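K.L.:
Sharing a structure, written as structure tokens. Questions coming.
The values are calculated or read from the model by the stated rules, or taken from the named source; none is laboratory data. This is a predicted model, so every value here is computed, not measured. Because the Cβ atoms are built from the backbone with ideal geometry, glycine has one as well, and the counts that use them run over all protein chains shown. Only protein heavy atoms, including side chains, enter the accessible area calculation; ligands, DNA and RNA are left aside. Shrake-Rupley method; radii C 1.70, N 1.55, O 1.52, S 1.80 Å.
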Amino acid sequence: MSETTRAPKHAAHLAKTDDLVSQEAYREQPAAYTRLRRRRRKRGHGCLIPLLAVLLVVLAVAGACGYKLYTSARQVHAQGTWMLTQVDPMREALETGDSEQLLSISRELTQTSAWINAETHTTLWNLAAFLPVFGEDIRTAQTLGGLAESLTRDALTPVSESIAGLRLDDLVQDGQVDVALLQRIAAPVSEALPLIRDAAATIEALPDAHIQKVQNILDKLREPFDEYGSLLGLADQALALLPRMLGADGQARTYLVLALSNAELRSAGGFPGAWGILTVTDGRFELGGFTADIVHADGISAELHEDEGVYNFGIGSGASAVTAMPNFNRTGEIAAGYWEQWSGQHVDGVIALDPVALQYLISLTGELDTEDGTHIDGSNAGYEILHNVYVRYGNDNASHDAFFSDVAGRAASAFFANLGNADTDALVELVERLGEERRLQMWMADADEEALVSALGFGGEYAHDPLEPVLGIYLNDQTYSKIDWYAAVDVQVSEPQTNADGTQTYTVTATLTNTITWDDVESVPTYVTGGNGAKRDVTDMITTLYFSMPQDAALESFEASPEASYWDGWPEGIQVVKTITQDLAGESTVFRMRVTVPAGAAPLVVHVTPLAQEGNLTISYAGR
């Protein structure tokens, strides 16, 4: 045996002595020695068996508890996952005003969340919450269970019950909005908002989970909470302000209405050819007659801001050019000032809409016949108002104005009288469409009301968020005519090129085409073709364009074909490029620009002045 494996000497001696004693005892009393050895063995087994039994019991109990907790967790996860599947149906019910569906979903969610909260606070879950590491996830699940029950019971259900069974014809009857009903609905919405905001803050503060399924639920919850918080916040804002905007308590509100003509384009929509007054008292609407006299009036003026010089289109020297500025938060303010100078009447806000918007409204609430026998419906209002009236009445401007006033008055009366019978889904879609296409825009003198119309999508202001980039293309007729019935615009946006610093560069190509033909020229009066002395022939279309860049974007290059001069300015910190084009029948001008937006920005969006013919505008985004 080597040195490294040999046992120590004293240990070997003790072992040898013990062996000798054992041998001697066995020789003298073999039976007694055997009994002693057995007792020793029995005493050892007697201690071990109870320990093993206890251990087995503990393991069995732990296994049973673990299995029970696992089963419970699976049931909680399944019910929680089902609740998440109700996000989209609930959103749809909120957006479409389906109060019965919303109430049904809210009651099911309340029942399910109560079960989840009770289940996650049983003794077993409470004990598991003290486990190292994974106990934190257990506590997160318990927090979510409590929040779910509180929100569905104290927020969602009361809001749903407040509008249960409510239909559009309950809110609008005989052309009058029930302002008192709006005020009753407002209370539960206002009470629900703090609960939702507190819950969103609690969820945001929860730690990242160790169990992936718990983390998945956290991730899925955060976005809907933000979305519903914003949606209910907007509802709360609207319900608080709409009653006074509708003339509650007999406090009449007065709004200036601008009827725009897209056949003679302006940045904000079209030429403001007719101005009228809408009065609202306790939810009842009264539309007065329209006048065009103000657009020809002398002695009225507006002071533009120093940074608005790029819009040197005559905006400050007369009402006819007021809509040449694309940001309606300024257009409305200037128009209200012009009206007060001309009529002496102060207004609470300005509403602008074009004939295509009127066509959309007619399609929702019913067709009509005008005084001269023209049949107007949801398919031809734009054509009749923007083009055919000039073919029928030639250069008789008074007849044009009378026809439009007649159509607008009859359409407004039909709209308010039949709104309560309109399809709710169709109404919601119409409201969204009018805002997206910028065919209905509003400005309010009150700052809170102005914030509301902006949040609803009708403000028409510049997009100032650099991470939500918007490029605007705004057209203004300088042919002095209604030739823009034939204007067509095509916009192509490339996929972004990502730069080393994370910024993204887009190539935007915009093509303006004059679609008039010589056959068209033979059938229309000079009121359509125009009288600008710079026209090269009767088909020539002269247009001033403004290109507004996204906030904090860099315009890398700008070119036009055929070549055209351009200038720029910086209203409200937005770079705006101005240029003028002339296009004969069938000709086009192509603009190409490279624009770089900040790192982390959402995909670029393009806004274009709404055209007279819906099919004449196309916007395409590569890769989307």
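K.L.:
Out of curiosity, is Val172 touching a Gly at 6+ places or on another chain (Cβ under 8 Å) and of a type in the set (Val, Ile, Thr)?
P.N.:
For Val172, the condition - touching a Gly at 6+ places or on another chain (Cβ under 8 Å) and of a type in the set (Val, Ile, Thr) - is met.
K.L.:
Right, here's the next one. For Gly145, indicate whether it is of a type outside the set (Phe, Trp, Tyr) and without any contact (Cβ under 8 Å) to a residue 40 or more places away in the chain.
P.N.:
Here the answer is no, as Gly145 does not meet what is asked.
K.L.:
Follow-up. Residues Ala186, Ala209, Ala155: which one is outside any helix (DSSP H, G or I), in contact (Cβ under 8 Å) with a residue 12 or more places away in the chain, among the aliphatic types (A, V, I, L, M) and open to solvent by less than 60 Å² (accessible area, probe 1.4 Å)?
P.N.:
Just a single option satisfies the conditions, and that option is Ala209.
K.L.:
Next question, about the same structure. Return a yes/no flag: does the stretch 258-265 have any residue that is in contact with an Asp or Glu (Cβ under 6 Å, 6 or more places away or on another chain), open to solvent by less than 20 Å² (accessible area, probe 1.4 Å) and in a strand (DSSP E or B).
P.N.:
Within the stretch 258-265 (the criterion being in contact with an Asp or Glu (Cβ under 6 Å, 6 or more places away or on another chain), open to solvent by less than 20 Å² (accessible area, probe 1.4 Å) and in a strand (DSSP E or B)), the answer is yes, since at least one residue qualifies.
K.L.:
Now a separate question. I want to confirm something. Restricting to the stretch 189-206 and keeping residues that are in contact (Cβ under 8 Å) with a residue 24 or more places away in the chain and open to solvent by 80 Å² or more (accessible area, probe 1.4 Å), which single residue is farthest from the chain's Cα centre (by Cα)? If you could, list the steps in order and put the result at the bottom.
P.N.:
Within the stretch 189-206, the first condition is being in contact (Cβ under 8 Å) with a residue 24 or more places away in the chain, and the residues that meet it are 189-193, 195-197, 199-200, 202-203, 206.
Checking the rest, the ones that are also open to solvent by 80 Å² or more (accessible area, probe 1.4 Å) come to 191, 197.
Values: Glu191: 23, Arg197: 19 Å.
Applying the filter and picking the extreme gives Glu191.
K.L.:
Can you find, within the stretch 275-311, the residue that is surrounded by the most Cβ atoms within 10 Å (Cβ to Cβ) among those that are assigned to a helix (DSSP H, G or I) and either hydrophobic (A, V, I, L, M, F, W, C) or in contact with a Lys or Arg (Cβ under 6 Å, 6 or more places away or on another chain) (or both)?
P.N.:
Among residues in the stretch 275-311 that are assigned to a helix (DSSP H, G or I) and either hydrophobic (A, V, I, L, M, F, W, C) or in contact with a Lys or Arg (Cβ under 6 Å, 6 or more places away or on another chain) (or both), the one surrounded by the most Cβ atoms within 10 Å (Cβ to Cβ) is Ile294.
K.L.:
Residues in the stretch 96-115: is at least one farther than 30 Å from Asp425 by Cβ and either part of a helix (DSSP H, G or I) or without any contact (Cβ under 8 Å) to a residue 40 or more places away in the chain (or both)? First the steps, then the outcome.
P.N.:
Taking the stretch 96-115 first, the residues farther than 30 Å from Asp425 by Cβ are 114-115.
Checking the rest, the ones that are also either part of a helix (DSSP H, G or I) or without any contact (Cβ under 8 Å) to a residue 40 or more places away in the chain (or both) come to 114-115.
Taking every residue of the stretch 96-115 in turn, at least one turns out to be farther than 30 Å from Asp425 by Cβ and either part of a helix (DSSP H, G or I) or without any contact (Cβ under 8 Å) to a residue 40 or more places away in the chain (or both).
K.L.:
Also: How many of the residues in the stretch 344-360 are open to solvent by 40 Å² or more (accessible area, probe 1.4 Å) and either out of contact with any strand residue (DSSP E or B) (no Cβ under 9 Å at 6 or more places or on another chain) or in a helix (DSSP H, G or I) (or both)?
P.N.:
Summing the residues that are open to solvent by 40 Å² or more (accessible area, probe 1.4 Å) and either out of contact with any strand residue (DSSP E or B) (no Cβ under 9 Å at 6 or more places or on another chain) or in a helix (DSSP H, G or I) (or both) in the stretch 344-360 gives 1.
K.L.:
Can I ask one more? Of these, Glu340, Glu371, which one is open to solvent by 50 Å² or more (accessible area, probe 1.4 Å) and at pLDDT 95 or above?
P.N.:
Of the residues listed, the single one that is open to solvent by 50 Å² or more (accessible area, probe 1.4 Å) and at pLDDT 95 or above is Glu340.
K.L.:
Same structure again: Check Thr579, Thr589 and return the single one that is closer than 17 Å to Pro326 by Cβ, touching a residue at least 24 places away in the same chain (Cβ under 8 Å) and more than 31 Å from the chain's Cα centre (by Cα).
P.N.:
On the way: Thr589 fails: closer than 17 Å to Pro326 by Cβ.
None of the other options fit; the residue is Thr579.
K.L.:
Restricting the search to the stretch 543-559, which residues are among the hydrophobic types (A, V, I, L, M, F, W, C) and either part of a loop (DSSP other than H, G, I, E, B) or open to solvent by 10 Å² or more (accessible area, probe 1.4 Å) (or both)?
P.N.:
Within the stretch 543-559, Met549, Ala553, Ala554, Leu555, Phe558 qualify.
K.L.:
Identify, please: which residue in the stretch 65-76 is open to solvent by less than 60 Å² (accessible area, probe 1.4 Å) and at pLDDT below 85 and is, among those, farthest from Asn126 (Cα to Cα)?
P.N.:
So the residue we want is Val76.
K.L.:
Quick one: which residue in Asp540, Asp519, Asp477, Asp484 is open to solvent by less than 10 Å² (accessible area, probe 1.4 Å), closer than 30 Å to Ile385 by Cα, charged (D, E, K, R) and over 34 Å from the mean Cα position of the chain (by Cα)? Step through it out loud before you land on a result.
P.N.:
Values: Asp519 fails: open to solvent by less than 10 Å² (accessible area, probe 1.4 Å); Asp477 fails: over 34 Å from the mean Cα position of the chain (by Cα); Asp484 fails: over 34 Å from the mean Cα position of the chain (by Cα).
Unique residue meeting the criteria: Asp540.
K.L.:
So in the stretch 433-474, with the set limited to residues that are under 20 Å from Phe271 (Cβ atoms) and touching an Asp or Glu at 6+ places or on another chain (Cβ under 7 Å), which one is surrounded by the most Cβ atoms within 10 Å (Cβ to Cβ)?
P.N.:
Ranking the qualifying residues of the stretch 433-474, first place goes to Trp443.
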